Every structure is written in structure tokens, then in C-alpha cells.
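J.: Sharing a structure here in C-alpha cells format.
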Amino acid sequence: MARENYNDLLAFVTVAREGSFTRAAAQLGVSQSALSHTVRGLEARLGIRLLTRTTRSVSPTEAGARLLLTIGPRFEDIDAEIAAVTEFRDKPAGTIRITSAENAIDTVLWPKLIDVLPKYPDLNVEITVDYGLSDIVAQRYDVGVRLGDQVAKDMIAMRIGPDLRMTVVAAPAYFYDRPVPTTPQALADHRCINLRLPTHGSLLVWDFEKDGHVVKVRVEGQWVFNSSSQILRAALAGCGLAFLPESMVDEHVAEGRLCKVLEDWCHVFPGYHLYYPSRRQKSAALGVLLDALRYPSEPAVRD
């Protein structure tokens, strides 16, 4: 039976259960004559009578009783599922899928969400490490996390972290027989540890600025990773120079395991921002996420 006839089946189920066209029409919000016409049309298409009509009552025939027994519970299941879905509007429930750079997960998402999620047992969070600046709509993510200047203008964005500074580091042992670079161009003479960006298959360009002069450098080296934690490990092992968020290396620098170079060339980027499509209706689950991650100086987001 064509899907457009499901309403006819619902009409039959309602009349059979109510035992009255009058009561069924009131429940469905249609006229009694229209409802009678609908049921007669269903009987005509099936080629069998489903209801026995008298001046005082309406009751299902044997075929009608069998059909009612079969499809009636299915309409109840549909109603129950629709009711369950509408509850998502009122309480934080379901799964929020997030795409984010690894450092944002370690420094912002994990520290803030680990204390929040236990309060909402029906709320799940799925986080994917992604350096590829994926299209969150096409990839069916609910939200993304990027540096502020990487967020598309048609998205709703909210700051979730302070400004971020990238830095170039290496293990002290790396410089035992090599000069310390003093300009970005000098990196051409060094072994550097690269980050592979999955979307375009290219390597991350190291971005520097000094006195308004911007320099972008493509570096080379023996090691390429698609994870900043692996780059950090390689740098600690003396494999070369690494370009990493300052917050990721500060502890190692303080303990003498790494040293910074080109500090006067390393500039500040807008901090991490959470973003989602402007046409998306904000759910209770997303509202919990926004409240938990909002940077203290960031105003509330309004759609």
C-alpha cells in the first residue's frame, strides 16, 4: 500500500477503537462525513469491508478485527517514539558529535566536560580528532572547534578558550651540533617535524609574524605525523624542531626537556571557538555544551 494511505489506516483504527464515527472524527479533528468517505475509500481499495455500520454502532468485521489487531499496536509504537523524540527538546539527551584539534580537546573540552557529563546521564559526547577543517554539515557533526580565524562566517561561533600562541621547540640535544635558527627562513637548514593535514593531504605551513611582516614556511624533515601528541614525543626524543601550541610544551620547557626558538617571530592566534550551523535549532543538549564550554568573557550565544 502506498505511504500516502497511512492516514486512511489511522482513520480506520480510530473508528474501530472508538466504535463511533462521531467520536473518531472529533479525535482526529475532521468532519464525520470526511472520515466516513476516507474509510469507504480504504475498503474500496482493499476490496473488503472492514467495518459493520448500524444506526447505533460501528464494529469491525472479522477482516477489520484482524487488521486492527495487526496495525493498531504499530501506530501506538510510532506515537511512543514521537513522544520520546520530543523529549529531546526539554531535557539534555542524545549524542553531540564534535570535531576538534587534539590540543583543544586536551586543554578545553576534556577539562570542562569531565565534570559536567556525570550530571546528565542521558547526554553522550563523541569527539573526533581532526586537523582537516572538515565541513561539519557534510560530515554530520553537531559542532566543531577551531581557532577563531578559521571559523566560516555563516556559522554561529562562541569563544571557549584564551588566545593561543604557537611556538617552535626542540630538545637541547638537537642543538649540540647545529646552530639555533634566528629567522624563519633558517628552518630550511634544520630537520623539522611535520603535521599532515588530512583534508587536502598537505603539510601544515608554519606561520610567523614580526613587526607586521608575515612569513609562511614549508619545512622538511624525516618525521611526519597527523597528531600533535606524536610530534611532541618526537621533539622530546631529539628528532627535530616542532611547531606546537605553547600550552602544550610549557611544562617541558620549564623542566628543561625542550627549549624555545624564534620566540620573537611566534605570534598570537585567536583562541579556540566552538561553532555550529546558523540554521540549526539549539537543543537542550547543545545548550548544556555551550554553558559548560563558554569562555568567561564570552557573552551568551543567541540564535
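Bear in mind these aren't lab numbers, they're just calculated from the coordinates by the rules spelled out. Here the structure is a predicted model, which is why all the values come from computation and not from measurement. Cβ: placed from backbone, ideal geometry, glycine included. Neighbour counts: every protein chain shown.
J.: Can you give me the distance in nm between label points at residue 226 and residue 128, each placed 7 Å from the Cα along the Cα-to-Cβ direction?
T.: So the label points at residue 226 and residue 128 sit 1.1 nm apart.
J.: To the nearest 0.05, how large is the calculated FRET efficiency for residue 74 and residue 23 if R₀ is 30 Å and r is the Cβ-Cβ distance?
T.: Efficiency for this residue pair is about 0.85.
J.: Next question, about the same structure. Please work out how much length the chain gains when fully extended from residue 110 to residue 216, using 0.36 nm per residue of separation minus the C-alpha to C-alpha distance, in nm with one decimal.
T.: Length difference between fully extended and current span is 35.0 nm.
J.: When the chain is treated as a GNM, springs tying every alpha-carbon pair under 10 Å, which of 287, 256, 144 comes out with the largest mean-square fluctuation?
T.: 256
J.: Quick one: how many lysine pairs in the chain have C-alpha atoms under 30 angstrom apart, if they're 8 or more apart or on different chains?
T.: For the chain, the number of qualifying lysine pairs is 13.
J.: Within 14 Å, Cβ to Cβ, of residue 244, how many net charges do the neighbouring residues add up to if Lys/Arg are +1 and Asp/Glu are -1?
T.: Its environment carries a net charge of -3.
J.: Now a separate question. If you split all Cα-Cα distances of the chain into 10 Å bins from zero, what percentages do you get per bin, shortest first?
T.: 5, 20, 20, 14, 12, 9, 8, 7, 4, 1, 0
J.: Now for a separate question. Give, in nm to one decimal, the length gained when the segment between residue 185 and residue 55 is fully stretched (0.36 nm per residue of separation minus the Cα-Cα distance).
T.: Answer, rounded to one decimal: 37.2 nm.
J.: At a 10 Å Cβ-Cβ cut-off, how would you order 135, 79, fewest neighbours first?
T.: 79, 135
J.: For a paramagnetic label modelled at 7 Å from the Cα of residue 176 toward its Cβ, which residues of the range 223-267 fall within the zone defined by backbone nitrogen distances under 14 Å?
T.: Answer for the range 223-267: 237-240.
J.: I'd like the FRET efficiency for residue 203 and residue 117, computed as 1/(1 + (r/R0)^6) with the beta carbon distance as r and R0 of 45 Å, rounded to 0.05.
T.: 0.80
J.: Given H placed 1.01 Å from N in the peptide plane, which residues other than close sequence neighbours of residue 271 have an amide H under 5 Å from its amide H?
T.: Under 5 Å from the amide H of residue 271: 148, 163, 164.
J.: Full-extension gain between residue 32 and residue 264, please, as 0.36 nm times their residue separation minus the C-alpha to C-alpha distance.
T.: 75.3 nm is the gain from fully extending residue 32 to residue 264.
J.: Tell me the label-point distance for the pair residue 139, residue 253, using the 7 Å Cα-to-Cβ offset, in nm and rounded to one decimal.
T.: 2.9 nm
J.: Helix 284-293 against the longest principal axis of the chain: what's the angle in degrees, Cα atoms only, rounded to the nearest 10?
T.: Long axis of 284-293 versus the principal axis of the chain: about 20 degrees.
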